[in-house]
Each structure stands twice: as structure tokens, then as C-alpha cells.
Amino acid sequence: MALDVRSHGEAERLVEELENVALFKIGLRLFLAGDLYGLVRRIQEQRRGGIFIDLKMAGDISNTIADFVDHAGELGIRFVTLAESRDDVFTRHSLAAGRKARGRNPSPQFLMVPLLSSLSPANFGRPEISAEDYIVERGGEMLAAGCDGLIVSGAAIGACRAAFGPDVTLVSPGVRPKWSGADDHVRLTTPSDAIRLGADYLVVGRPIRSATDPRAAAQRVIDEIDEQLRAFGRWERT
């Protein structure tokens with residue numbers, strides 16, 4: 001669940017209501033609300049699930065990145081978007097510092113975004129290449145630099161799964177059930193399509209957050225995921 005709200009109070013009310021959700025994403029809106037440490041601790045007290053910190057940090061000095069990774073590890077953060085830069089020097093530098101700080105610890109895992117779901121390759125002067133090919137190309141560079149997984153949406157989920165195999169973590173935003181609107185995403189998938197294409201984690205925000213009954217909306221998404229997993233023989237209730 002993407003907690004893209006403006007205050008800690010709103011976030012904590014959603015976490016309390018969404019007792020059927022186990023992983024919560026915190027982005028820039030809540031970062032600007034201050035005391036991120038306190039919010040993470042309170043969410044963990046409410047839910048024994050995971051936290052995904054999505055700040056897309058890039059290009060800072062090694063000491064700052066290492067301190068962030070150390071702190072995220074101490075807090076039990078599952079995922080962070082550590083580096084997000086078109087300059088590969090910044091990308092490699094950020095990931096190298098992060099991996100050194102993490103050492104042999106399994107978390108946080110470092111995720112990167114080859115192409116934001118609201119953009120296309122033409123935005124980067126590459127109109128001749130498809131979004132899927134661009135994402136595979138850029139994603140391969142990011143994985144080679146040391147990230148653990150990719151944030152991809154639409155048909156690129158399947159393209160990345162085919163290109164990088166079963167061990168690369170794929171997190172899919174731009175998930176829109178058929179009963180919700182597209183908002184500002186260019187490449188969309190329904191929950192069942194994202195699972196069918198090979199996504200490991202689905203990020204859903206507005207379809208749940210804007211619903212009259214957020215818990216019921218979340219359950220509709222969960223039920224659709226479970227149905228697709230059963231069809232694939234991958235269903236396992238944890």
C-alpha cells in the first residue's frame with residue numbers, strides 16, 4: 001500500500017484500517033511531514049509487516065548513503081530506492097556505498113526505476129526504442145551496478161522477467177484494477193495481469209486510498225491476486 005498522504009495521522013489511520021495489508025510504502029510526502037523514524041516505528045507496532053522507503057536518493061556522498069542504509073537496516077526496512085539517476089557515475093557510486101554499508105545483511109534490498117511509469121523513452125531522446133526494450137536495457141545496467149531489483153510496470157514486467165530470470169525482485173507500480181481509473185500512469189496492469197507477467201510485489205495507492213471503503217478495496221485487490229496465483233499454482237497463504 002502506497003501511503004501517499006500528507007500527514008502521519010492520515011497514514012496511521014490507513015494502516016490501522018488496512019489490517020489485511022502487510023507491506024507499506026513511504027514516499028516523499030510523508031518524508032516532508034518529519035520524524036520518519038517515529039512514523040516507521042509506529043507503523044511497525046500497528047502491523048508486523050514490511051516497510052518500503054521510496055525516496056529515490058541519488059548522488060550523495062558515501063558517508064551519507066552508508067548512514068541511511070545502516071539506519072534502514074536497524075529499522076528492519078525491507079526495500080529502499082537507493083539510487084535514481086541518469087548519470088551512471090552517481091548510480092554506481094550510490095549502490096557501491098549502499099552495498100558496502102549493508103554488508104552481508106539481507107535488507108534493505110535496493111530497488112531502482114529504469115523508467116517512471118508516467119514517462120516514455122522519447123522523454124530521454126530515444127523515440128526509436130520501445131518502452132519495454134528501454135527498460136530491459138536500463139534495468140540490466142542497474143542490476144550490473146549492484147541493485148537487487150527493479151520497479152517496472154505494464155508489459156515491461158514480463159520483458160524483465162524473461163530477460164533477468166526468476167531471482168531478480170520485480171516490484172510493480174501502475175497497478176489499476178478494472179474498477180479504478182488510470183490517473184497519470186502510461187503503462188498500466190490489472191493486479192492479475194501483473195502477477196501473470198511475473199511481478200513479485202504490487203504497489204497500489206489511489207484505488208485503495210480514494211475508495212469509500214479502503215479495506216474492502218484492498219481486499220478486492222488481494223482476492224484478484226490470490227485468484228491468479230491459484231491459476232498458476234503459486235498460491236500460498238502466509
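The values are calculated or read from the model by the stated rules, or taken from the named source; none is laboratory data. Since this is a predicted model, take the numbers as computed values, not measurements. Here the Cβ positions follow ideal geometry from the backbone for every residue, glycine too, while neighbour counts run over all protein chains shown.
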- Item | Count of residues meeting criterion [under 25 Å from Ile225 (Cβ atoms) and in a loop (DSSP other than H, G, I, E, B)] in segment 6-53 | 9
- Task: Please name all residue pairs, on different chains or six or more residues apart, with Cβ atoms under 6 Å, provided the first residue is in segment 205-219 and is modelled with pLDDT of 90 or more and the second residue is part of a helix (DSSP H, G or I) and of a type in the set (Asp, Glu).
- Result: Pro214/Glu17; Arg215/Glu17
- Any chance Arg187 is in contact with a Lys or Arg (Cβ under 9 Å, 6 or more places away or on another chain) and either buried (at least 23 other Cβ atoms within 10 Å of the Cβ) or modelled with pLDDT under 90 (or both): no
- Task: Would you please name the residue that is surrounded by the fewest Cβ atoms within 10 Å (Cβ to Cβ), looking only at residues in segment 144-154 that are of a type in the set (Gly, Ala, Ser) and touching a strand residue (DSSP E or B) at 6+ places or on another chain (Cβ under 8 Å)?
- Result: Gly146
- For Gly9, which of the numbered conditions (1) modelled with pLDDT of 85 or more; (2) closer than 22 Å to Asp148 by Cβ; (3) out of contact with any helix residue (DSSP H, G or I) (no Cβ under 8 Å at 6 or more places or on another chain) fails to hold? (2)
- Task: Go through segment 11-47 and give me each residue that's touching a residue at least 60 places away in the same chain (Cβ under 8 Å) and surrounded by 15 or more Cβ atoms within 10 Å (Cβ to Cβ).
- Result: Leu14, Leu18, Val21, Leu23, Lys25
